[in-house]
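Worksheet: one structure, shown below.
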Amino acid sequence: MSTKEKKEKILPYRLLDSGNLKKLEQVGPYRLVRPALNAFWGPTLDSSEWESADAVFTRDNSGGGKWDFRKRLPESWLVEYAGFTLKMKPTNFGHLGFFAEQYRNWERFRTGNYKNGLNLFGYSGIGSMAMAAGGAKVCHLDAARGMNEWGQENVQLNPHVPNVIRWITDDVKKFVNREVRRGSLYDLIALDPPSFGRGSSGQVWKIETDLPRLLECCRELRDPERPFNLVLSCHSPGFSLEVFSRMVRDIFGSSCRIEGEEMTIPESTGKVLPAGISCWCILD
């Protein structure tokens, strides 16, 4: 990041509006339109607000898509969100480097008095930073080396976050099995699994077949000497809060207390955009 960029005032991220399967976002100084495939309603703001977007991402049938840049944007820039300074970068998949709907989970990570946190499918590291900011030693895992490097850049932008995060690039199934064999123990485990993905060496991940076994491994990683929290968040079709609750109780037992909610992003309109589910398994 250039010296000039660091000295400029860093503006916040805000969700302005949603509708017609899209969302209008103010991402620092730039206004973007991206897909919101459950926004079946009409927009609240006037069409002129949407037409002023600096860039629009349109998804195609292959799962990818393309950006239409209506003005020249930098390769990356900084925003403030949920108490962190974050690097934004429009990717070929339409992502920016964070999932705004996770903000309530991040706050619980920050305030939960955890000792050892494991963040699986950790993406660009904001959840891991929240764990570290709350005092936990953190193991962050993502199959993409580039995402881990992005996460390390985010940490450098946030001097209040302790340097206690271990960054691992590996296949999630292989790594967690090794952690079980090593006898590693955690009192906080976070999972945000995709519907489908590939590990660092091309290993295939399918949520419907691989998630139950992964949760069984997480059970083996529970620190029995401390209260234990596992949070499972998801955007995959067919997985509801009730589905997750039954899966988690089946593996962790009936004494597992479930706290769940639909993740949402507040809009400037006073409404919210639903964006997935979050299920907490709590064992005291």
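Read the figures in this text as sums done on the coordinates, not as results from a lab. Keep in mind it's a predicted model, so treat the numbers as computed, not measured. Here the Cβ positions follow ideal geometry from the backbone for every residue, glycine too, while neighbour counts run over all protein chains shown.
Below is a table of values for the structure above.
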| item | result |
| --- | --- |
| The stretch 101-183: C-alpha pair distances exceeding 22 Å, % | 20 percent |
| With at most 11 neighbouring Cβ atoms within 10 Å, loop trypsin sites (Lys or Arg not before Pro) (DSSP) excluded, longest segment of the chain | 73-284 |
| Sparse-neighbour loop sites [GluC sites (Glu not before Pro); the stretch 41-122; at most 13 other C-beta within 10 Å; DSSP] | Glu75 |
| J(HN,Hα) series, the stretch 26-33, from Karplus relation 6.51 cos²θ - 1.76 cosθ + 1.60, nearest Hz, glycine and proline x | 9, 9, x, x, 10, 9, 10, 10 |
| Longest exposed-site-free window of the chain, the sites being chymotrypsin sites (Phe, Trp or Tyr not before Pro) in a DSSP loop that have at most 14 other C-beta atoms within 10 Å | 94-284 |
| Built amide H within the under 5 Å cut-off of Gly117, gap 5+ | Lys137, Val138, Cys139 |
| Degrees, to the nearest 10: 172-182 long Cα axis against longest axis of the chain | 30 degrees |
| Pair-distance profile P(r), taking every C-alpha pair of the stretch 126-284, with 10 angstrom steps and integer % | 10, 35, 40, 15, 1, 0 |
| GluC sites (Glu not before Pro) lying in DSSP loop within the stretch 145-232, provided at most 14 other Cβ fall within 10 Å | Glu225 |
| Charge context of Val172, other residues only, Cβ under 9 angstrom, K/R +1, D/E -1 | -2 |
| Backbone HN-Hα couplings from phi across the stretch 133-150 [Karplus 6.51/-1.76/1.60, Hz, Gly and Pro as x] | 5, x, x, 8, 7, 10, 10, 10, 10, 8, 6, 9, 4, x, 5, 5, 5, 4 |
| Backbone HN-Hα couplings from phi across the stretch 48-53 [Karplus 6.51/-1.76/1.60, Hz, Gly and Pro as x] | 5, 5, 6, 5, 7, 4 |
| Which label in (i) 51, 51, 36; (ii) 71, 65, 32; (iii) 56, 43, 37 gives the computed Cα extents along the principal axes in Å | (iii) |
| Shape metrics for the stretch 20-97, restricted to C-alpha atoms - Rg then Dmax, Å | 12.8, 36 |
| Total charge dipole magnitude, the chain, about the Cα centre, Cβ charges on Lys, Arg, Asp, Glu only, Debye to nearest 20 | 640 debye |
| Net lengthening on full extension, Asn20/Ser184 (0.36 nm per residue, minus Cα-Cα) | 54.4 nm |
| Bridge type composition, the chain - antiparallel percent by DSSP, nearest 5 | 65 percent |
| Environment charge at Thr58 (Cβ cut-off 10 Å; Lys +1, Arg +1, Asp -1, Glu -1) | +2 |
| Mean separation of Cα contacts under 8 Å (6+ apart) over length of the chain, as relative contact order % | 13 percent |
| Links that overshoot a 22 Å alpha carbon limit, given the list Lys9/Lys89; Lys87/Lys174; Lys89/Lys174; Lys206/Lys271; Lys22/Lys271 | Lys87/Lys174; Lys89/Lys174; Lys206/Lys271 |
| Paramagnetic label zone (point 7 Å from Cα along Cα-to-C-beta, Trp41; backbone N under 17 Å) in the stretch 253-283 | 262-276 |
| Between the stretch 42-99 and the stretch 218-280, the alpha-carbon center distance in angstrom | 27 Å |
| Amide H contacts of Arg70 (H built 1.01 Å from N, under 5 Å, at least 5 apart or other chain) | Ala55, Val56 |
| With Cα atoms, 0 to 90° folded angle of helix 241-252 axis to the chain main axis | 30 degrees |
| Extended-chain gain in nm, criterion 0.36 nm per residue less alpha-carbon gap, Lys71 and Val204 | 44.1 nm |
| Under 14 Å from Lys71, Cα to Cα: aspartates and glutamates that are on another chain or at least 8 residues apart | Glu51, Asp54 |
| Distant-in-sequence amide H partners of Arg198 (H built 1.01 Å from N, under 5 Å) | Trp205 |
| Added length on full extension, which subtracts the Cα-Cα distance from 0.36 nm per residue, Asp250 to Arg213 | 12.1 nm |
